Amino acid sequence: MTPIEESIADSLVGTVTCEGTSAEACYNFPKDFQGFDGHFPNYPILPAMLQIMVGRLVCFALSEVPLRVKSISRAKFLQEIPPETNVQVQVTCKEISTDNVHKFAVTLFVNAAKASTFSLFCVAEQGHA
């Protein structure tokens, strides 16, 4: 895990709950979370790339294999995510293709409102089936 992924993992509230082809998790990023550095000075919000990384980590928990993002589609960032806000993450595995590409639908919520939605297409990292 990279240092930023470790910081994201440290912001997990409770555990990732997996059931069938779906998973849910809650994150709360403190004011001093390194992902806010420089984005933006005096007005920190969670960058889109880190929202994608959060989704990827929940996908990883659901699939139980390390995944590498191959592509992202239908990304919509609808609401800013400030520090010290509970972020609910919902992931659903939509399909696993014959060439082992896992398609996930990811939604992040803040106060029950959609903050972002995107699809992740992932492949198992080398050395993992």
Q: Select from the range 1-15 the residues that are in a helix (DSSP H, G or I) and of a type in the set (A, V, I, L, M) and write down the one among them that is least open to solvent (accessible area, probe 1.4 Å).
A: 8
(Q) Among the residues of the range 67-74, are any within 20 Å of residue 109 (Cβ to Cβ), in contact (Cβ under 8 Å) with a residue 40 or more places away in the chain and among the hydrophobic types (A, V, I, L, M, F, W, C)? (A) yes
Q.
Condition check: exposed (fewer than 15 other Cβ atoms within 10 Å of the Cβ), modelled with pLDDT under 95 and among the hydrophobic types (A, V, I, L, M, F, W, C). Does residue 36 satisfy that?
A. no
Q: Test residue 49 against the criterion of being closer than 22 Å to residue 10 by Cβ, open to solvent by 60 Å² or more (accessible area, probe 1.4 Å), out of contact with any strand residue (DSSP E or B) (no Cβ under 6 Å at 6 or more places or on another chain) and outside any strand (DSSP E or B), and give yes or no.
A: yes
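Determine, yes or no, whether residue 24 is assigned to a helix (DSSP H, G or I) and among the acidic types (Asp, Glu). Don't jump to the end; show me each part of the working.
Numbers: assigned to a helix (DSSP H, G or I): no; among the acidic types (Asp, Glu): yes.
No, not satisfied.
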Q | Those residues of the range 70-95 which are farther than 16 Å from residue 58 by Cα, assigned to a strand (DSSP E or B) and touching a helix residue (DSSP H, G or I) at 6+ places or on another chain (Cβ under 9 Å), in sequence order | A | 75, 77
Q) Quick one: is residue 114 in a strand (DSSP E or B), touching a residue at least 12 places away in the same chain (Cβ under 8 Å), open to solvent by 50 Å² or more (accessible area, probe 1.4 Å) and among the charged types (D, E, K, R)? A) yes
Q.
Checking the conditions here, which among 59, 26, 93, 18 is open to solvent by 50 Å² or more (accessible area, probe 1.4 Å) and in contact (Cβ under 8 Å) with a residue 24 or more places away in the chain?
A. 18
**Q.** Of the criteria (1) within 12 Å of the chain's Cα centre (by Cα); (2) free of Cβ contacts under 8 Å to residues at least 12 places away in the same chain, which one residue 64 fails
**A.** (1)
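The values are calculated or read from the model by the stated rules, or taken from the named source; none is laboratory data. Computed from a prediction, not measured in an experiment: that's the story for all the values here. Neighbour counts are summed over all protein chains in view; Cβ atoms, including those assigned to glycine, are modelled from backbone coordinates with ideal geometry. Calculation scope for accessible area: heavy atoms of the full protein, side chains included, ligands and nucleic acids excluded. Shrake-Rupley method; radii C 1.70, N 1.55, O 1.52, S 1.80 Å.
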